[in-house]
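Worksheet: one structure, shown below.
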Amino acid sequence: MLKIDIISLFPKMFDGPFDDSLMARAKKKKLVKINIHDLRSFGLGFRKTIDDRPYGGGVGMIMMVEPIEKAIKKLTKRGFLSFRKPKRKVILLTPRGKKFTQAMAMELSQIDHLILISGRYEGFDERIHEYLIDEELSIGDYVMMGGELPAMVVTETVVRLIPHVIEKEDATRYESFSNPELLEAAQYTRPVKYRDWEVPPVLLSGDRKRIEEWKVIESQKTTEKNRPDLIK
């Protein structure tokens, strides 16, 4: 079972997204356990402070190193009754991180314990990046208000790749980004004709070889149109 711990200043944002559909099924099957932790509970002093002004000046507040370290230490000390050391990753969600990919999701789906840290404000004390985490991830080349939605994206992408979460294995084997250079081919369903828009005849032929050849060509066309950067 994969254990996912998410650290956030706004834990209520996670109410709902993991309680329906395949995510709920994965938890019910005990394929994944997801815990949300309020970073404020690890804050300093009476006010539970978690941020402060940056040295050297600058706009906004910076998340402090000590509350993050306290949270990570607590989450890495408990929960595993095993003779072996769990395979664990501590990940910071930040715009300056590596771009999250399907290949990364597949790798993370095979570990024991994933800790995701959602940021807010102007960012993190650099010592968090340098000493407390294993990796920095970004879900795209843009800046959001915080790391909560990126944490949800990473969690869902990883969980759907855990064996038996999706019952049909081919559903995750033949899709966009399963081949890092090609997007998924076009797909159709009933009716055969809607208005003047028709399903390509090859898909109705029953000829598996011709259908697979058509899918490769269509996959190449879609990739060239929408994501030419993927083609080497």
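The values are calculated or read from the model by the stated rules, or taken from the named source; none is laboratory data. Keep in mind it's a predicted model, so treat the numbers as computed, not measured. All Cβ positions, glycine included, derive from the backbone under ideal geometry; neighbour counts span all protein chains shown. Only protein heavy atoms, including side chains, enter the accessible area calculation; ligands, DNA and RNA are left aside. Shrake-Rupley method; radii C 1.70, N 1.55, O 1.52, S 1.80 Å.
From the residues Ile211, Ser41, Gly119, which one has its Cα farthest along the dipole of the chain in the positive direction, the dipole being from +1 and -1 charges on Cβ of Lys/Arg and Asp/Glu about the Cα centre?
After comparing all options, I get Ser41.
Could you grab the relative contact order for the chain? Cα pairs under 8 Å, six or more apart, rounded to a whole percent. The partial results should precede the final answer.
Numbers: 341 pairs, mean separation 46.2, N = 232.
Computed value for the chain: 20 percent relative contact order.
With N set to the number of residues, divide the alpha-carbon radius of gyration of the chain by 2.2 N^0.38 Å and report two decimals. Please list the in-between numbers first.
Numbers: Rg = 21.7 Å, N = 232, 2.2 N^0.38 = 17.4 Å.
Normalised Cα radius of gyration, the chain: 1.24.
Taking the simple approach of a point 7 Å from Cα along Cα-to-Cβ for both Lys70 and Asp19, what is their distance in nm?
A separation of 2.8 nm, rounded to one decimal place.
Taking the full set of protein chains and a 1.4 angstrom probe, give the accessible area of Thr157 in square angstrom, rounded to the nearest 10.
Roughly 30 Å² of Thr157 is accessible to a 1.4 Å probe.
As a test, work out the antiparallel percent of DSSP beta bridges whose residues both lie in the chain, rounded to the nearest 5.
15 percent
List the equivalent ellipsoid semi-axes of the stretch 91-143 in whole Å, largest first, each obtained as the square root of 5λ for an eigenvalue λ of the Cα gyration tensor. Intermediate values should be presented prior to the final figure.
Details: eigenvalues 75, 41, 14 Å².
Calculated on Cα positions only, the semi-axes equal 19, 14, 8 Å.
Among the lysines in the stretch 97-232, how many pairs, 8 or more places apart or on different chains, have alpha carbons under 24 Å apart?
For the stretch 97-232, the number of qualifying lysine pairs is 12.
Would you work out the Kirkwood radius for the stretch 6-86? I mean one over the mean of 1/r across all pairs of different Cα atoms, in Å. Present the calculation step by step, with values, prior to reporting the outcome.
Numbers: mean 1/r = 0.0653 Å⁻¹.
With all distinct Cα pairs of the stretch 6-86 included, I get 15.3 Å.
Please calculate the 1.4 Å probe accessible area of Lys98, with all protein chains present, and give it to the nearest 10 Å².
Only protein atoms counted, so the area is about 120 Å².
Once the Cβ-Cβ distance between Val192 and Leu149 is put in as r, and R0 is 35 Å, what FRET efficiency do you end up with, to the nearest 0.05?
Values: r = 39 Å, r/R0 = 1.12.
So the FRET efficiency works out to roughly 0.35.
Students sometimes get this wrong: rank Arg47, Arg208 by accessible area, probe 1.4 Å, all chains present, largest first. Can you show the working numbers first?
Details: Arg47 200, Arg208 140 Å².
Output order, biggest surface exposure first: Arg47, Arg208.
Ordering Arg53, Arg96 from largest to smallest accessible area (1.4 angstrom probe), what's the sequence?
Details: Arg53 180, Arg96 135 Å².
From most exposed to least exposed: Arg53, Arg96.
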